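The values are calculated or read from the model by the stated rules, or taken from the named source; none is laboratory data. Please read all numbers here as calculations on a predicted model, not as lab measurements. So basically every Cβ, Gly included, is an ideal-geometry build from the backbone, and we count neighbours across all protein chains shown. Surface accessibility is based on the protein's heavy atoms, side chains included, excluding ligands, DNA and RNA. Shrake-Rupley method; radii C 1.70, N 1.55, O 1.52, S 1.80 Å.
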Amino acid sequence: MTTQTLPIATTPRLAQWARSPWVGLVAATLFWSGNFVIGRSLRGQIDPLALNFWRWLIAAVVLGPFVWRAFAQQWPTLRRHWKYVGVLGLTGLAVPHACSYEALRTTTAVNALLLLNMIPVVVALGAWRFLGQQIRPLQWCGIGVCLAGAASILVRWDWAALTHLQFHPGDLWMLPAVLTASAHTLLLKRTPAGVTQGPLLLASMFAALLLMAPAVMWAGVGTLDAVANVWPAALYIGVFASAAAFLLWNRGVVAVGAERAAPLMYLMPVYASVLSAMFIGERVQPYQMAGGALVLAGLWMARARKGR
């Protein structure tokens with residue numbers, strides 16, 4: 001009796017799924033969730049500016065070999081648009097993450113995440129006001145549902161907690177983080193013709209490092225001793241939460257649009273619940289499951305387009 005091997009018809013479909021920009025966007029928010037948890041745990045152990053500087057230095061070293069050939073080919077175009085590259089490095093890498101790390105030193109996680117969750121709202125408004133992109137009512141409803149789901153997880157469905165929020169000095173540091181990160185997301189739609197996301201990200205890293213270098217040297221916080229005790233965390237942040245996450249995110253934003261990609265950031269509180277259950281031993285609570293359901297429902301609404 002002859003045994004026949006059936007062809008695996010799902011392999012091309014699996015490969016297509018893996019290349020989907022939505023998969024990349026979801027993975028990017030997962031990596032960023034880990035970055036937030038690690039950044040919170042490192043408060044007091046390393047200066048925020050030094051952590052951000054080493055983060056992008058590691059990311060540039062990791063990403064460089066993969067995109068260097070394309071970077072060299074696209075360098076003439078990148079050089080002509082050096083102002084655009086510099087603004088991307090400032091708004092996407094240098095300012096928002098340094099501000100976030102500084103904020104986590106003095107503010108609570110609840111306050112920081114609630115403010116961070118305003119990014120999709122700011123992006124949607126910016127896309128409507130400056131890019132002329134129409135935001136359908138269903139998408140606005142989806143953003144609202146996402147925000148409600150994320151907030152419900154953060155306050156554990158105890159809505160009275162919102163009335164007791166107190167502003168800390170770190171809260172003010174989150175404001176420039178939100179505004180610059182939103183501007184960066186919108187600016188990605190203005191990528192010059194002939195420039196791909198890998199070389200553009202590497203150029204943005206170089207720009208951010210050049211912009212941060214004077215402040216790091218003046219403060220004297222960028223030495224190897226500053227990161228000697230936090231190398232594992234710095235490597236994770238540099239490799240996964242920086243090089244991989246931003247490459248996936250930038251590619252996804254260009255493919256699906258800033259206003260549809262930004263609400264995926266509301267997955268971060270859901271990831272935090274799952275990661276806590278896996279690595280800390282905390283059980284997933286009913287309020288986390290209910291909040292996660294709201295987030296997923298809002299994401300479905302926010303990514304809907306006419307005719308779909």
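In segment 97-140, which residues are of a type in the set (A, V, I, L, M, F, W, C), surrounded by fewer than 20 Cβ atoms within 10 Å (Cβ to Cβ) and either free of Cβ contacts under 8 Å to residues at least 12 places away in the same chain or over 14 Å from Leu175 (Cα atoms) (or both)? Across segment 97-140, the qualifying residues are Ala109, Val110, Leu125, Trp128, Phe130, Leu131, Ile135, Leu138, Trp140. On the stretch given as segment 141-185, residues that are modelled with pLDDT of 80 or more, over 16 Å from the mean Cα position of the chain (by Cα) and either exposed (fewer than 13 other Cβ atoms within 10 Å of the Cβ) or of a type in the set (Gly, Ala, Ser) (or both) total 3. For segment 71-96, filtering for residues that are open to solvent by less than 30 Å² (accessible area, probe 1.4 Å) and over 26 Å from Phe36 (Cα atoms) leaves 4.
Among the residues of segment 202-238, the ones that are over 16 Å from Phe53 (Cβ atoms), crowded, with 18+ Cβ neighbours inside 10 Å and at pLDDT below 90 come to 0 in all.
Here are some residues: Val295, Val274, Val256, Val270. Which one is modelled with pLDDT of 75 or more, out of contact with any helix residue (DSSP H, G or I) (no Cβ under 6 Å at 6 or more places or on another chain) and among the hydrophobic types (A, V, I, L, M, F, W, C)?
Going through Val295, Val274, Val256, Val270 in turn, just one is modelled with pLDDT of 75 or more, out of contact with any helix residue (DSSP H, G or I) (no Cβ under 6 Å at 6 or more places or on another chain) and among the hydrophobic types (A, V, I, L, M, F, W, C): Val274.
It is to be established whether one or more residues within segment 186-197 are open to solvent by 40 Å² or more (accessible area, probe 1.4 Å), under 30 Å from Pro286 (Cα atoms), part of a loop (DSSP other than H, G, I, E, B) and touching a helix residue (DSSP H, G or I) at 6+ places or on another chain (Cβ under 6 Å). No - not one qualifying residue is present in segment 186-197. Restricting attention to segment 17-68, the residues that are polar (S, T, N, Q), in a helix (DSSP H, G or I) and open to solvent by less than 60 Å² (accessible area, probe 1.4 Å) total 4.
Here the condition is being within 27 Å of Leu57 (Cα to Cα) and not small (Gly, Ala, Ser); of Cys99, Cys141, Cys146, it holds for Cys99 alone.
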